[in-house]
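Student: A single structure is presented below for examination.
Only the coordinates and a few stated rules stand behind these numbers; no lab work does. Worth saying up front: this structure is predicted, and the values here are computed from it rather than measured. Heads up, the Cβs are rebuilt from the backbone with ideal geometry, glycines too, and the neighbour counts pull from every protein chain shown.
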Amino acid sequence: MPSSTRRPPLLAIVGRKNAGKTTLVVRLAATLSRRGHRVMTIKHGSHTFNIDPVTTDTYRHYHEGMAERVAMVSPDKFALVTRLDAPLSAEEVASLYMSDADVVVCEGFKASALPRVEVHRSALHAEPLALDDLDRADLYRAIVTDDPTLNIAIPLLPLDADDCLDRLADLVERDVMER
């Protein structure tokens, strides 16, 4: 595996199921990229995955050939699949593979100690995760929500506000990237 000692700044986007984590990660990454930052993302999954279908050569290399690592290189992309004995943390992935990022936006990793922004939609869930996680409230930088009546000592960003992404990007630049 590649090695590096630099760990770029990381931010976790957390939330309950279907709250809009992926949408927020994508929109935040695009906003920060438009501002000139080199943005990389990590998606936490709780189940295994395959990046290529059964009919591909790389699938066969990995599954039939039992290769420890399989790389696929094309003119415009590179992918590496590595067998793991234990899960990697977001911090490990960022240090190993994303050390040249200005910021890494992570989807999930709610068990980590990363600074975080929660997405909360009251139509889907009565309470945000943060209310169950008050002993780690210092990790929360904001809650992006459609519920302006939340009574919590974490800054709220209105989900439907026209400037929500700009305000969130400002927060990331100030509170995550500048540390």
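Student: Report the antiparallel proportion of the DSSP beta bridges in region 1-149 as a percent, rounded to a multiple of 5.
Tutor: On the way: 5 of 23 bridges.
DSSP beta bridges in region 1-149 are roughly 20 percent antiparallel.
Student: Pairs of alpha-carbon atoms within less than 8 angstrom and 6+ residues apart define the contacts here; what relative contact order does region 1-141 have, in percent? Present the calculation step by step, with values, prior to reporting the outcome.
Tutor: Numbers: 197 pairs, mean separation 63.4, N = 141.
That works out to 45 percent.
Student: Take each complete run of DSSP H in the chain, measure how far its Cα atoms stretch along the helix's own axis, and keep only those covering 18 Å or more with mean Kyte-Doolittle hydropathy at least 0.0; list them. Walk me through the intermediate numbers first.
Tutor: On the way: long enough: 21-34 (20 Å, 0.54).
Length and hydropathy pass: 21-34.
Student: Which value in nm describes the separation of the simple spin-label points at Phe49 and Arg83, placed 7 Å from the Cα toward the beta carbon?
Tutor: About 2.1 nm separates the two model spin labels.
Student: Taking 0.36 nm per residue of separation and subtracting the Cα-Cα distance, what length does fully extending Asp76 through Ala161 add?
Tutor: Values: separation 85, 0.36 × 85 = 30.60 nm, distance 3.61 nm.
Between Asp76 and Ala161, full extension yields 27.0 nm more.
Student: How many percent of DSSP beta bridges within region 72-179 run antiparallel, rounded to 5? Don't jump to the answer; show the numbers that get you there.
Tutor: Numbers: 2 of 10 bridges.
Given both bridge residues lie in region 72-179, the antiparallel proportion sits at roughly 20 percent.
Student: Can you list the trypsin sites (Lys or Arg not before Pro) in region 82-156 that are in a DSSP coil and have 12 or fewer other beta carbons within 10 angstrom? Before the final figure, lay out the partial values.
Tutor: On the way: sites: Arg83, Lys110, Arg116, Arg121, Arg136, Arg141; in loops: Arg83, Lys110, Arg121.
Hits after loop and neighbour filter: Arg83.
Student: Sticking with this structure for a sec: Could you put Val93, Val119, Val73 in order, starting from the residue whose Cβ has the fewest other Cβ atoms within 10 Å? Spell out each step's value before the answer.
Tutor: On the way: Val93 18, Val119 26, Val73 9.
So the residues, fewest neighbours to most, are Val73, Val93, Val119.
Student: Shifting gears a bit: Between Pro148, Pro75, Pro128, where does the largest GNM mean-square fluctuation fall for the chain, given springs only between Cα atoms within less than 10 Å?
Tutor: Of the options given, Pro75 has the highest mean-square fluctuation.
Student: At 222 nm, what value in deg cm²/dmol follows for the chain if DSSP H runs of at least 4 each add -39500 (n - 2.57) and the sum is divided by all its residues, to the nearest 500?
Tutor: Working: 4 runs with 37 residues, N = 179.
Mean residue ellipticity at 222 nm (helix-derived): -6000 deg cm²/dmol.
Student: What share of Cα pairs, in percent, lie more than 21 angstrom apart in region 44-179? Intermediate values should be presented prior to the final figure.
Tutor: Details: 5242 of 9180 pairs.
Every Cα pair in region 44-179 considered, those over 21 Å come to 57 percent.
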